[in-house]
Amino acid sequence: MVATRHRPPQTEFEASPSTAPLAFGASRSAASTRPALIDCDLHNELHGDVLALVPYLSDRWKRHLETFGVRSPAGGFFPRFMDHREDARPPSGRRAGSEVAFTRSQYLDPFRVAYGILIPLSPAASQQNHEFGAALATACNDWQVAEWLDPEPRLRASIVVPIEAPDLAVAEIRRRAGDPRFVQVQFTGRPQEPMGRRKYWPIYEACQEYGLKVISHAFGSYGQPITGAGWPSFYLEDHVGPAQAMQANIISLVTEGVFDRFPDLKVISVENGAGWLPSLMWRLDASWSLLREEVPHLQMAPSEYVRRHIWATSQPMEEPHQPHQFGEFIEHLGSLADHILFASDYPHWDADQPDEAFPVRLAPDLEHKIYYGNAAALYGLGETK
Amino acid sequence: MDLDGHSVGVFHVEGEYYALLNWCPHQGARLCEGRLWSGLESDVPGDYATRTDRAVIACIYHGWEFDLRTGRSVCEPERLRVRAYEVTVEPDHTSDQDGVTLGRPSRTNATARTFPVTVEHGNIVVDLRRTPVSGTVPNGPRNLSEGEIHHTHIPSEGSLQPGGTR
Amino acid sequence: MTSLSNTLRTETPLAAGNVTELIDGDVHNVIPDTHALFPYLSDHWREHITNTLFKGVPETSYPRWAPTTERPGSELPNWRQAGSDLSVVTRDVLDADGLSYAVLCCTYAIDSLHNPDAAIAMARAVNDWQISEWLDKDERLRATIVVPTQLPAEAAREIDRVGDHPGFVQVGMPVRSAVPYGSRLHAPLWEAISRKRLVGAIHFGGAPGTPPTPSGWPSYYLEEHVGMAQVFQTQVVSLVTEGIFDLHPDLRVVLLEAGVTWMGPFLWRFDKEWRNLRRLVPWVKRAPSAYVRDHIRLTIQPVDAPPSDIQLRQAIEQIGSDEMLVYSSDYPHRHASEPSRLLSVVTEAHAARIRSANARALWKLT
């Protein structure tokens, strides 16, 4: 007997031989015939919000958490439509993406993921109490080691730091720098100040010292609206917004001369799309050509800094109105096409099925670079397995 | 249920039966595992008119809505649809159960097949023991041609067929 | 810059023998000094300005001496601001370019005035000054109503007061705002614009007192100059998402000095998110790009062009409509390239639309 429910499963995926473990994606054959990939945006989720971190917190901060909870600058909530992908909830019923075993069986194995870069969306960076934020960050990184990196050798991770308290952030970076499985330091989508500002330079200095990349992942803030014109009304607007927010951060990083001060620094834009990169470079160069007197510290055209220092992940990839326009987009990127990294965003609602992540079929060499080569070169990971 | 090697989802909503190919034309997700929602229409901002007679399935991946009756995309009904099947309910004289027949209009009944069905506790129960089952889900859009946009693509031969209309 | 048309005639094949009409959709008229507004202010505000440190609003969107604020050749003697002298605008823009119309956009920063009574009084004065000193003096001129956008009901009142003057064709809204313009807080503003059959003109700059980026205040004017494009993107998202064009189906909005090449890829993303999330805004029945192509227009200076003409043409075609672009000089502001660059890469028919037909349709110029 096979039951087709009047109401489909609401909360958890019902595993059965014909559907598990390929709940994520419809095509087993495609995944098994194409080369392995590197996924640069894979989420390890904290079940029970931060309850997963309780075992890793000191008694002092456990009490704080139990008594006051997490407190971030409030305001800015929208009713959403989809939440986490419903089929990605582990059989335990816990939050999607919260158990390494299920991530492995539902995603890493069937989709031939050679390496996955973990990006936990913890509340550490947005805590109003910076000491508590630092404690949450340390606990989150310990949790990543114990429950993700140790059990699964294909995983790499982002160091969670309290970015708004750079001294505490640097201390956490130094604590993790000896573990090569931590490959980058994580910023929110919209830090309290534009990312190039002096406040954050100690973090970049430490990243350069240890060869760590810097990422800015969409969403997350210190309470600021997602637009330069205040709070929008609908989650749809909130979900377009990261593309604009990341552009502001790139403008700031370039204009402030961060890449002149830290010439080895590499910054990855995660989950912001990439279609805006060409016009941003054109506009940066156009405005700079007239206003360069204001920023005499810049040694070259702004677009050149972008080409050397900025990477971007694929999801959510823009879907052009005409198929040939995707080719134009790649041409407009020019050398920056070598900085586009495949990312699924598993297990969020807007995640891309790896074999369907681009609106057109990519040429084989480009496909290899985006799915593997570009990330392998950036992170120093092995060539195609 | 399986029809010609394709997974098809059958829905029983407000006393009506609907059937859609279990394959979202966007990224190939198993569409029918998404949630059922009322149709939602609006004439002015702030107005939310739910239409239970126009139920939609929202894909489990990105929430793309498809009309259960026609398979057409709510956003882009003219250019995007998932294959809809005609569903007829008829008494099964060999047992006490009713049968659900899936078929595609404008084609011979060669593709239609009747499944015994009962409704128990709000679930449609389809008995497949008496029908051969190949047990596969349709392959994703592996036959994409160079430069083709995914979301205009429908797998196998379904793209040019009119959807089932009830 | 003295004569754009000369540039066109010598540099673009389009302009060789069949030069068509030219309409300039973005010319800035600048208030030379607060005293110029005195004839249009009440006794109270004249006395207040005379006796206190309040001397009108400071200009922040266009730093006085920044290389982008005044192009070479536009400077006036005695430190007067470029764009503040009608006779010079007439000579260097209207006559030199052979314009049939120029649409003036005064960007006086009413939005920076938090005192509502001061904001209302200054806006009224600016509009009366525009009527007397500009519109009444040259019939080729059209102008932008300056309103306190931060007070939508008061803005509507001012639109109703002067909106029937045939010289006013649009209502100015600085792109930077404290709340996005689609918000229902702004409903009275859109109702008044629609009621008077005017165009909504969202222009570069603004001083709402809130930061221009989602990460707070940047350090350099260069950042604001570049980043203004993202604020325009935000406003487009807001207008479409909130159903402003569903509420006002005849409404047109022009983005002044917004840049052009970002529009195509921006629409790809906006459409994609709508396909995912339209259920949150069911009144948005068509793809956002369809609303944008029907209702939104862009002036072409600056264009933010790539070095390659082919790529520039591709970026223009990615917008997906030849009815959206409107010629502008953005006088007296200065940009990295001349508008002739864009006109030279599009088809002749498209260039003709950009030079005048799209402007005529937008502002109902007959």
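How much net charge surrounds C:GLU70 when only other residues with a Cβ under 11 Å from its Cβ are counted (Lys, Arg +1; Asp, Glu -1)? Neighbourhood net charge equals +3. Once backbone amide H atoms are built at 1.01 Å from N, A:ALA343 has A:CYS40, A:SER314, A:GLN315 as its partners under 5 Å, excluding neighbours fewer than 5 places away on the same chain. Entry note, chain C: the mean residue ellipticity at 222 nm calculated from DSSP H runs of n ≥ 4, each adding -39500 (n - 2.57), is -10500 deg cm²/dmol after division by the residues and rounding to the nearest 500.
When each of the peptides A:136-149, C:113-126 is scored by how many other beta carbons lie within 10 Å of its residues on average, the order from highest to lowest is A:136-149, C:113-126.
Sorting A:LEU290, C:LEU86 from the fewest to the most surrounding beta carbons within 10 angstrom yields C:LEU86, A:LEU290. Taking all pairs of distinct Cα atoms, average 1/r, flip it, and tell me the Kirkwood hydrodynamic radius of region A:28-379 in Å to one decimal place. Over region A:28-379, the inverse of the mean reciprocal pair distance is 20.7 Å.
For chain A, modelled as a GNM whose springs connect Cα atoms under 10 angstrom apart, the maximal fluctuation among A:ALA312, A:ALA165, A:ALA375 occurs at A:ALA165. Subtracting the Cα-Cα distance of C:LEU365 and C:LYS285 from their residue separation scaled by 0.36 nm leaves 25.7 nm.
Taking each DSSP H run with n ≥ 4 as -39500 (n - 2.57) and averaging over every residue of chain A yields -9000 deg cm²/dmol at 222 nm. When region A:310-385 is described by a simple charge dipole with +1 on each Lys and Arg Cβ and -1 on each Asp and Glu Cβ, the residue from A:SER314, A:ALA376, A:PHE342 located farthest towards its positive end is A:ALA376. Just checking the listed ones, C:TYR331, C:TYR221, C:TYR181: in the Gaussian network model of chain C with Cα springs under 10 Å, the one fluctuating most is C:TYR221.
In plain terms, the residue of B:SER73, A:SER252 with the fewest other Cβ atoms within 10 Å comes first and the most crowded comes last, giving B:SER73, A:SER252. Structure remark: mean-square fluctuation, Gaussian network model of chain A, C-alpha springs under 10 Å; the largest value among A:ALA286, A:ALA124, A:ALA36 belongs to A:ALA286. Using only alpha carbon pairs under 8 Å that are at least six residues apart, calculate the relative contact order of region C:281-366 and give it in whole percent. So the answer I get is 33 percent. Ranked for footprinting exposure by Cβ neighbours inside 10 Å, fewest first, C:CYS105, A:CYS40 give C:CYS105, A:CYS40. Can you give the local net charge around A:ASP142? Use residues other than it whose beta-carbon is closer than 12 angstrom to its beta-carbon, Lys and Arg +1, Asp and Glu -1. That works out to -2. Basic side chains Lys and Arg get +1 at the Cβ, acidic Asp and Glu get -1 at the Cβ, and with that the dipole of chain A about its Cα centre reaches some 500 debye. Once C-alpha pairs closer than 8 Å and six or more residues apart are averaged by separation and normalised to the residue number of region C:4-363, the relative contact order reads 20 percent. Other protein chain C-beta atoms within 10 Å of residue C-beta, averaged over C:236-246: 4. Neighbouring Cβ atoms from other chains, within 10 Å of the Cβ of residues in C:255-263, number 3 on average.
Computed from label points 7 Å out along Cα-Cβ, the spacing between B:GLU78 and A:SER335 is 4.5 nm. Over the protein assembly as shown, the pair-distance histogram of Cα-Cα distances with 10 Å bins from zero comes to 2, 12, 20, 23, 19, 13, 7, 3, 1, 0, 0 percent, rounded to whole numbers. Per residue of peptide A:265-276, the mean number of Cβ atoms on other chains within 10 Å of the residue Cβ is 2.
Assign unit charges at the C-beta atoms only (+1 for Lys and Arg, -1 for Asp and Glu), then state the dipole size of region A:129-261 relative to its Cα centre in Debye, rounded to the nearest 20. Once rounded to the nearest 20, the dipole reads 260 debye.
Exceedance of the 24 Å cut-off in Cα-Cα distance is limited, within the set A:LYS213/A:LYS369; A:LYS199/C:LYS55; C:LYS196/C:LYS364; C:LYS55/C:LYS137, to A:LYS199/C:LYS55; C:LYS55/C:LYS137. Kirkwood Rh over Cα pairs of chain C into Stokes-Einstein at 37 °C, 0.692 mPa s: D in µm²/s? For these conditions, the coefficient is 158 µm²/s.
Pairs of Cα atoms nearer than 8 Å and 6+ residues apart set the relative contact order; for region A:28-379 it is 18 percent. The local environment of A:THR227, defined by Cβ-Cβ distances under 11 Å, has a net charge of 0 under the rule Lys, Arg +1 and Asp, Glu -1.
All of the numbers you see were taken from the coordinates with simple rules; none came from a lab. This one's a predicted model, so the numbers in the text were calculated from it and none came from an experiment. With ideal geometry, Cβ positions are generated from the backbone for all residues, glycine too; neighbour counts draw on all protein chains shown.
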